[in-house]
Amino acid sequence: MVSLREKGLASSLGRSLLVTGGAGFIGANFVHYWLGHHPQDRVVVLDALTYAGNMASLGGCLEQDNFRFVHGDIGDQDLVETLLAEEGLDTVVNFAAESHVDRSIHGPDPFVTTNVVGTHSLLKAAKKVWLDGGSGRPHRFHHVSTDEVYGSLAPEEPSFTETSPYAPNSPYSASKAASDHLVRAYHHTYGLEVSTSNCSNNYGPYQFPEKLIPLIILNILEAKQLPIYGDGLNIRDWLYVEDHCRGIDLVLRKGRAGEVYNIGGNNEWPNIEIVRLVCALVDERLGASEPLRQRFPRSPFCLGRTAESLITFVKDRPGHDRRYAINAGKSRNELGYAPLESFETGIRKTIDWYLASEAWWRAVMNGSYRTWLEMHYAS
Ligand code: NAD
Ligand code: DAU
């Protein structure tokens, strides 16, 4: 077992990151990405393990010497200050958030608590340790935000740039917009070295199955309805999650403090077309594999029907934004950013990951990963 001091020594060779929300969908993908691409760096994850946080998504990291998991809240300023100071951390990457629009409509309070007040608490801790403490240590506070802060686009409107006006429409996007403004203010007022990235819809491994793509995949396997809100013609701009991680990596290494960078895949799809594509690909996989048919005997394919037969148009989401589209030109020109995954390959990889990861999603859906946590890890 390597001691904390030795770990600190190792980290002095590279960066030391505090990744908040690192047990969530994008945060966990980012931790895997970062440890894989920057093995000399140290990563400390701070996560409150809400319904969306899952230690099983960090499997493989927990045993690494340059990784530590801390179960806690970004709103706990004392805890964050202690971590920043004692671990000698020089970088915060803030993924921690309440992230689901539908939940924000039914219950906005936790969105304000975590996304606004929690982010502000993190900023205060970073300012205190990095600026007021006079350590003079180079630092970066990176805030992960969303294209939803820019509001909704009409069909003919150009995609969002970093100078598009903020016009959030849901309690979720309003809370993210508020946090973006606080991050900006801490740079302009106090000189905190911040950056913000606004990204479009992500998809890929470890996404909680309340979001459209994993929900559709798993509902097909379980022969449940595929709910399409409204007319199904709302448009989202989809990016494979690893390409988002790659974009954040570039912002951290090459991005200028005080700047905002849009990250996206130039990949707009109406919801109904995404759902039809996923239906066709899952049917194709089941058609090609007897073992899969045995594992998912209730799926429509096994009963001589198509997955599309499960599509059900339902009442629209209140205030449903019609279209998002990201212009990532600034990231491309300034940072050399370009997504590596095509949608064709990314969506197949994602479906294959869910087909291969039944233990993960069953545990996520019934909450039993918490038992797994108690059995395997004590924070
Ligand atoms: P997620 O809901 O899957 O994960 C959020 C994580 O934050 C969970 O692990 C949860 O336990 C943790 N968390 C929540 N409240 C916390 C608190 N108070 N303290 C510490 N940890 C807390 O979210 P995601 O989809 O991975 O999104 C991550 C970030 O990226 C969010 O800020 C979101 O706004 C942003 N974003 C998401 C997308 C997307 O398509 N999912 C796109 C653009 C931006
Ligand atoms: O654009 C980035 C945002 O993308 C992130 O900031 C959010 O955290 C993330 O949740 C996501 O928000 P969306 O609302 O776009 O994602 P969601 O997967 O919930 O829905 C995608 C689209 O599909 C949206 O138009 C609503 C629709 N939908 C969703 C669900 C869950 C359905 O038609 N049926 C459904 O059951």
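The table below gives the values:
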{"item": "Tabulated pairs, region 340-359, first surrounded by 12 or more Cβ atoms within 10 Å (Cβ to Cβ), second not in a helix (DSSP H, G or I), C-beta under 6 angstrom, 6+ apart or interchain", "result": "Glu341/Tyr240; Phe343/Asn267; Gly346/Tyr240; Thr350/Tyr203; Thr350/Gly204; Trp353/Pro205"}
{"item": "Restricting region 320-337 to residues that are more than 15 Å from ligand 2 (Cβ to nearest atom) and closer than 24 Å to Glu156 by Cα, the residue that is surrounded by the fewest Cβ atoms within 10 Å (Cβ to Cβ)", "result": "Gly329"}
{"item": "Checking Phe208 against (1) out of contact with any Lys or Arg (no Cβ under 6 Å at 6 or more places or on another chain); (2) in a helix (DSSP H, G or I); (3) within 15 Å of Glu98 (Cα to Cα), the condition it does not meet", "result": "(2)"}
{"item": "Among (1) part of a helix (DSSP H, G or I); (2) closer than 17 Å to Phe343 by Cα; (3) within 14 Å of ligand 2 (Cβ to nearest atom) - the single one Ala280 does not satisfy", "result": "(3)"}
{"item": "Candidates Ser145, Ser135, Ser175, Ser159, filtered to the one that is more than 27 Å from Gln77 (Cα to Cα) and among the polar types (S, T, N, Q)", "result": "Ser159"}
{"item": "All helices (runs of 4 or more DSSP H) inside region 60-140 with 2 or more residues being away from ligand 1 (no atom under 14 Å from the Cβ) and surrounded by fewer than 21 Cβ atoms within 10 Å (Cβ to Cβ)", "result": "77-86, 101-106"}
{"item": "Output for region 236-282, where each listed residue is more than 28 Å from Pro165 (Cβ to Cβ) and without any contact (Cβ under 8 Å) to a residue 40 or more places away in the chain", "result": "Arg253, Glu273, Arg276, Ala280"}
{"item": "Residues satisfying the stated conditions in region 236-277, i.e. under 19 Å from the mean Cα position of the chain (by Cα), within 13 Å of ligand 2 (Cβ to nearest atom) and outside any helix (DSSP H, G or I)", "result": "Arg236, Asp237, Trp238, Leu239, Asn262, Ile263, Gly264, Gly265, Asn267, Glu268"}
{"item": "Sole exception among (1) buried (at least 17 other Cβ atoms within 10 Å of the Cβ); (2) more than 19 Å from the chain's Cα centre (by Cα); (3) at pLDDT below 95 for Asn54, by number", "result": "(2)"}
{"item": "Conditions (1) in contact (Cβ under 8 Å) with a residue 12 or more places away in the chain; (2) part of a helix (DSSP H, G or I); (3) out of contact with any Ser or Thr (no Cβ under 6 Å at 6 or more places or on another chain); (4) more than 12 Å from ligand 2 (Cβ to nearest atom): number failed by Ser175", "result": "(4)"}
{"item": "Unique residue being over 22 Å from Pro318 (Cα atoms) and of a type outside the set (Lys, Arg) when the list is Glu222, Glu273", "result": "Glu222"}
{"item": "Pair list, Cβ < 9 Å and 6+ apart or interchain, from region 198-212 residues that are touching a residue at least 24 places away in the same chain (Cβ under 8 Å) and near ligand 1 (Cβ under 6 Å from one of its atoms) to residues that are assigned to a strand (DSSP E or B) and of a type in the set (Asp, Glu)", "result": "Asn201/Asp237"}
{"item": "Hey, Ile217 more than 12 Å from ligand 1 (Cβ to nearest atom), under 30 Å from Arg298 (Cα atoms) and within 19 Å of the chain's Cα centre (by Cα) or not", "result": "yes"}
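The values are calculated or read from the model by the stated rules, or taken from the named source; none is laboratory data. Since the structure is predicted, the reported quantities are computational estimates derived from the model, not experimental observations. Quick reminder, even Gly has a Cβ in these numbers, built from the backbone with ideal geometry, and neighbours come from all protein chains shown.
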